[in-house]
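Reading through the structure tokens given below for one structure.
The values are calculated or read from the model by the stated rules, or taken from the named source; none is laboratory data. These numbers were taken from a predicted model, which means no experiment stands behind them. All Cβ positions, glycine included, derive from the backbone under ideal geometry; neighbour counts span all protein chains shown.
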Amino acid sequence: MASVLQKLKRPEDPRLLVGINTADDAGVFLVEPGMALVQTVDMLTPMVEDPYLFGRIAATNSLSDVYAMGGEPLVVLNIVGFPAPAPKDWLAAILQGGQDTCNEAGAAVAGGHTFNEKEIKYGLAVTGRIDPARIITNAGARPGDALVLTKPLGAGMFGQAVMTLDSVDPALRDAATGSMTTLNREAARAMLECGAHAATDITGYGLLGHAQEMAAGSGVGMEFAFGSIPLLPGVLELSRSDLVEPGVAMNETGFAQWVTFDTGLGEAERNLLFESETSGGLLVALAPALVERFIELAGERPIAPRVVGTVTDGPAGTLRVRM
């Protein structure tokens with residue numbers, strides 16, 4: 001996608017405060033002094049069998065990009081691809097799951113669009129508001145910042161296990177679905193309160209892909225400690241059993257050239273760092289002195305945020321992962 005976007009002419013409207021220049025999570029448009037709109041759109045295919053739960057996961061995932069910028073979601077539009085022969089109660093359950101999640105977020109569902117599709121797809125177009133003086137982009141990380149992650153990795157591995165294995169450990173199922181349906185709202189409020197320098201949410205490009213975009217946009221390097229990165233229960237063992245999430249190959253192709261792994265990190269560990277996540281946490285860069293306060297404000301939903309790395313002088317866009 002980055003190579004495609006490079007071919008497009010950059011918008012020149014001065015009211016567009018955040019566009020496609022730094023691969024950020026959402027766009028920000030200045031409406032008037034002191035008030036801007038933050039907008040995003042996303043869709044998913046099901047990773048669980050329960051249509052209501054899928055609706056909740058997809059909506060949480062879509063809202064996350066607004067939270068990653070420090071915004072507050074206001075209004076959403078449903079976007080649904082649905083096979084005509086499929087039971088209509090499935091569609092009703094998906095939409096109800098999305099609506100209940102939007103109600104939790106305080107965002108109104110204004111309508112949407114449904115189209116006939118071979119496989120189910122669901123997501124939201126989200127419009128929120130944001131203070132133009134307090135936008136948190138993925139391009140402001142500073143050398144010396146702590147890198148804090150607010151959700152565990154492994155949702156991609158969970159989805160792959162659901163699709164390919166006869167059964168999934170209930171502990172993993174409960175932890176994965178609980179994480180994917182947890183809004184990043186409290187973490188967003190915490191990073192505003194703490195004056196975070198940069199943030200991004202961890203989704204399709206995985207931890208390393210989104211971190212690389214943040215490092216490149218900020219002109220810095222980053223170093224991660226694998227042992228400090230929270231994982232869903234059992235996903236490392238699944239990865240060591242040769243189960244691989246399909247997004248790993250795509251993300252390695254796009255980002256591996258920027259990553260150095262220390263000796264001792266095997267393929268199983270690397271795959272978890274490259275796998276595509278669904279409704280993942282926020283990766284936040286902030287001053288080390290404010291980490292304790294950030295963790296206190298963000299709370300333990302679904303886990304207490306953890307320091308997983310540091311921002312370095314560079315070279316710009318480079319990542320290192322040690323044990």
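To keep it simple, each residue is scored yes or no on (1) in contact with a strand residue (DSSP E or B) (Cβ under 8 Å, 6 or more places away or on another chain); (2) over 19 Å from Leu282 (Cα atoms); (3) of a type in the set (D, E, K, R).
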{"site": "Gln96", "(1), (2), (3)": "no, yes, no"}
{"site": "Gln99", "(1), (2), (3)": "yes, yes, no"}
{"site": "Phe115", "(1), (2), (3)": "yes, yes, no"}
{"site": "Glu119", "(1), (2), (3)": "yes, yes, yes"}
{"site": "Pro132", "(1), (2), (3)": "yes, yes, no"}
{"site": "Asn138", "(1), (2), (3)": "yes, no, no"}
{"site": "Ala146", "(1), (2), (3)": "yes, no, no"}
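When residues of the stretch 37-50 are filtered for being touching a residue at least 60 places away in the same chain (Cβ under 8 Å) and under 25 Å from Ser167 (Cβ atoms), how many remain?
Within the stretch 37-50, residues that are touching a residue at least 60 places away in the same chain (Cβ under 8 Å) and under 25 Å from Ser167 (Cβ atoms) number 6.
If only one of Glu269, Glu296 is modelled with pLDDT of 95 or more and surrounded by fewer than 19 Cβ atoms within 10 Å (Cβ to Cβ), which one is it?
Glu296
Which of the residues spanning the stretch 184-215 are in contact with a helix residue (DSSP H, G or I) (Cβ under 6 Å, 6 or more places away or on another chain), in a loop (DSSP other than H, G, I, E, B) and within 15 Å of Ile57 (Cβ to Cβ)?
Within the stretch 184-215, Asn184, Ile202 qualify.
Output yes when any residue across the stretch 39-51 is more than 30 Å from Asp169 (Cβ to Cβ), at pLDDT 95 or above, in contact with a Phe, Trp or Tyr (Cβ under 8 Å, 6 or more places away or on another chain) and part of a strand (DSSP E or B), and no when none is. Let's see the steps before the verdict.
So the first thing to find is which residues in the stretch 39-51 are more than 30 Å from Asp169 (Cβ to Cβ), and the list is 39-41.
Okay, now just the ones that are also at pLDDT 95 or above, so 39-41.
Keeping just the survivors that are in contact with a Phe, Trp or Tyr (Cβ under 8 Å, 6 or more places away or on another chain) gives 39.
Checking which are part of a strand (DSSP E or B) leaves us with 39.
Yes, some residue in the stretch 39-51 is more than 30 Å from Asp169 (Cβ to Cβ), at pLDDT 95 or above, in contact with a Phe, Trp or Tyr (Cβ under 8 Å, 6 or more places away or on another chain) and part of a strand (DSSP E or B).
Can you pull out every residue in the stretch 297-323 that is touching a residue at least 60 places away in the same chain (Cβ under 8 Å) and of a type in the set (D, E, K, R)? Step through it out loud before you land on a result.
Keep residues of the stretch 297-323 that are touching a residue at least 60 places away in the same chain (Cβ under 8 Å), which gives 297-299, 301-303, 305-323.
Residues satisfying the conditions are Arg301, Arg306, Asp313, Arg320, Arg322.
Mind checking which pairs have a first residue in the stretch 137-161 that is on the phi > 0 side of the Ramachandran plot and a second that is surrounded by 24 or more Cβ atoms within 10 Å (Cβ to Cβ) and in a loop (DSSP other than H, G, I, E, B), Cβ under 9 Å, 6 or more apart or different chains?
Between residues of the stretch 137-161 that are on the phi > 0 side of the Ramachandran plot and residues that are surrounded by 24 or more Cβ atoms within 10 Å (Cβ to Cβ) and in a loop (DSSP other than H, G, I, E, B), the close pairs are Gly154/Leu232; Gly154/Glu275; Gly154/Glu277.
Show me the helices (runs of 4 or more DSSP H) entirely contained within the stretch 219-291 in which 1 or more residues are assigned by TED's automatic domain parsing to the domain that holds Ala176, without any contact (Cβ under 8 Å) to a residue 24 or more places away in the chain and within 24 Å of Ile136 (Cα to Cα).
Helices (runs of 4 or more DSSP H) meeting the threshold: none at all.
Among the residues of the stretch 184-208, write down those that are over 25 Å from Asp131 (Cβ atoms) and in contact with a Leu (Cβ under 9 Å, 6 or more places away or on another chain).
Gly206, Leu207, Leu208
Listed here are the residues, each with its yes/no results for (1) under 23 Å from Leu165 (Cα atoms); (2) among the hydroxyl-bearing types (Ser, Thr, Tyr); (3) more than 20 Å from the chain's Cα centre (by Cα).
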{"residue": "Phe226", "(1), (2), (3)": "no, no, no"}
{"residue": "Ser239", "(1), (2), (3)": "yes, yes, yes"}
{"residue": "Thr253", "(1), (2), (3)": "no, yes, no"}
{"residue": "Thr260", "(1), (2), (3)": "no, yes, yes"}
{"residue": "Arg270", "(1), (2), (3)": "yes, no, no"}
{"residue": "Gly281", "(1), (2), (3)": "no, no, no"}
{"residue": "Pro288", "(1), (2), (3)": "no, no, yes"}
{"residue": "Glu296", "(1), (2), (3)": "no, no, yes"}
